[in-house]
Amino acid sequence: MSNNVWVIGTSMTRFGRFPEKDLMDLAVEATTGALKDADLDLAAVNILAMGNLYEATSHNGQRLQQAMGQTGIPVYNVVNACATGATAIRVAVMSILAGESDIGLAVGVEQMGKMGMLGGGKKRDEKKIFAPKGRRGGVVKAEGLFGTNLMPGVFAQAGTEYALTHGVTQTQFARVAHKNHLHSTLNPLAQYQKEFSMEEILGAEVISWPNTLPMCCPTGDGAAAVLLCSDAKLATLDPDVRRRAVKVSASVLTSDPYVDGGQVQADINTLTRNAADQAYAKAGIGPEDLSLVELHDCFATAELLHYDNLRLCEPGAAGQFIDSGAPYRDGRIPVNVSGGLLSKGHPLGATGVANVFEIVTHLRGEAGARQIEGAKVGLAHVIGLASACGVHILEKRAS
Amino acid sequence: MAVQIPAVDYLVLGDQPHLQAWRCVACSAAYFDRRNACARCFATSFSRSPLATEGVITAFTRVERGAKQPFTSVVVDLGEGVTVKANLRGMDDPAQIKPETKVRLYTFVAGVDDEGTEAVAFAFEPVGHSEVVGA
Ligand SMILES: [Zn+2]
């Protein structure tokens, strides 16, 4: 049994669109980088957790081994919506805590191209006869007839629910996009590195009000990897690897508990609050101790709600929090200094590993132009609808 | 007159169209879709229960991209712990929607199949909205 789990290596590809590469090219690039970072090779790894959504039935962990080295270790292929990457890390963490492994590798990878998050395909029936189908006895397509359940609409409605209760404005939601696009200009790994003015954001095409195009994350390709190890293993590693090790102070995964309203409109708040509270308790750390946060800003509206869910602001005060400048990189609690999903990109399965990469890189003082000086503690959060929420709290090693 | 059927089985047609929910007999949690057991208390008995035809908007969006026609989607609190998601007509500017906006249910023909059967759907409109309902 290990009392602690440590990150000893991490890497990510640049996020973007890479039609010339396949899924394994991306996963191998991130994995090779993480191994090199820890000065280890695949022979040292006892467990592989692989996260991916769109090719989830293709046994990607084994494909990765075939592409770069087969050692016979257990492989766990995981899929958990947009929390897939965090779930892969969680699997490796649990294995180390249980004493079954001493070095674990978690990889998240996705190749989405330009497929879009709007979904929906067209079918053509030969003869149309209405017949009730499914658990709602529907006879016609529900999307657009009984409101919207596509991602942009769901996260827009989550935002307006908060707005109706707490008086948040579209301008305050837009400020989240302003901040994250601005942050991304310092991150060479981001899919986009373009600053937008508030006028450009508010004047852009409306996707699902209040979110305009720059307030929605792009689709894209990318991979990230994290190498984890036990206390006992860490003690045997090279001094330079030990010096750069980062402690996993909390690793938490939650799903939706029953709530009344959650049956018709996904509730992104309750499971996030539960995950955050469990993580803070586990780490013995409060939100006031955080040096930086990477949270799941799939849409600008979502980020604002998570200020409240992760207890970064007073209850109901997320609008004032962004207005105060607190989550900007020079503010009180920098949020999404990577550019976030809005600008760094959101290759689904990679996202939950990439945000841990970002926190670890800052805690090591190796984030270059975007470094948050003196970063000691960071929190990484992802949520995927279904729902699953992952929160990891990471701490700089006491020297 | 054409045969009419509800577009979803939780819509009841007739003189006073309304929605119905499956209520858990043990804890009264409400569901529009069929459940094997109650997600709140795990009980397995449900009964059909009629719902109010008026409610208050608790969330909304205006879908501009990805739809044939832009439309407004709302979540409506019907009281007694039940919310429903639906379209809203009569308020095309989402910035108009304020807290406590009251809406009421109406029905309309959403489609006709090749045997002439009409599928009737429901949506909401602001209370006081006076548009004549064209079928
Ligand atoms: Zn029940």
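Nothing in this text is a laboratory measurement; each read-out follows from the coordinates by a stated rule. None of these values were measured; they are calculated from a predicted model. Virtual Cβ from ideal backbone geometry, glycine too; neighbours counted across all protein chains shown.
Odds and ends about this structure:
- Average beta-carbon neighbours from other chains, 10 Å sphere, peptide A:132-143: 6
- Loop sites in segment A:123-179: trypsin sites (Lys or Arg not before Pro), DSSP, at most 16 other Cβ within 10 Å: A:Lys123, A:Arg124, A:Lys127, A:Lys128, A:Lys141
- Pairs from the table (A:Lys282/A:Lys376; A:Lys133/B:Lys102; A:Lys141/B:Lys98) lying more than 21 angstrom apart at Cα are A:Lys133/B:Lys102; A:Lys141/B:Lys98.
- DSSP-defined antiparallel bridges as percent of all bridges, chain B, nearest 5: 90 percent
- Screening chain A for whole DSSP H helices with an alpha carbon extent of at least 18 angstrom along the helix axis and a mean Kyte-Doolittle hydropathy of at least 0.5 yields A:84-97, A:348-363.
- Based on the Kirkwood approach, the hydrodynamic radius assigned to segment A:1-110 is 14.0 Å, with every pair of different Cα atoms included.
- Förster radius 25 Å - calculated FRET efficiency between A:Asp323 and A:Lys282 (Cβ-Cβ, nearest 0.05): 0.20
- Global size of segment B:4-135 as Cα Rg and Dmax, reported in angstrom: 16.0, 45
- Sites counted here are GluC sites (Glu not before Pro) in a DSSP loop (not H, G, I, E or B) having no more than 14 other Cβ atoms within 10 Å; the longest part of chain A that contains none of them is A:206-365.
- Net lengthening on full extension, B:Ser28/B:Asp93 (0.36 nm per residue, minus Cα-Cα): 19.8 nm
- Mean separation of Cα pairs under 8 Å and 6 or more residues apart, divided by the residue count, gives chain B a relative contact order of 23 percent.
- Counting DSSP beta bridges with both ends in the protein assembly as shown, the antiparallel % (nearest 5): 80 percent
- Mean per-residue shielding of peptide B:27-38 is 3, counting Cβ atoms of other chains within 10 Å of each Cβ.
- Derived value for segment A:178-269: Kirkwood hydrodynamic radius 18.2 Å. Basis is the mean of 1/r over every pair of different alpha-carbon atoms.
- The calculated FRET efficiency for the pair A:Asp238 and A:Thr57, based on their C-beta separation and a Förster distance of 60 Å, comes to about 0.95.
- Chain A - Rg (one decimal) and Dmax (whole number), Cα, Å: 20.6, 72
- Partner shielding of A:255-266 amounts to 5, given as the average count of beta-carbon atoms from other chains within 10 Å of each residue beta-carbon.
- Whole-number percent relative contact order across chain A, with pairs defined as alpha carbons under 8 Å at least 6 apart: 26 percent
- Free-standing Cys, the protein assembly as shown [no other Cys Cβ under 4.7 Å]: A:Cys82, A:Cys216, A:Cys217, A:Cys229, A:Cys298, A:Cys313, A:Cys389
- Counted over all Cα-Cα pairs of segment A:152-305, pairs farther apart than 26 Å make up 44 percent.
- Stretch in chain B that is longest and holds no GluC sites (Glu not before Pro) that DSSP places in a loop and that have at most 11 other beta carbons within 10 Å: B:1-99
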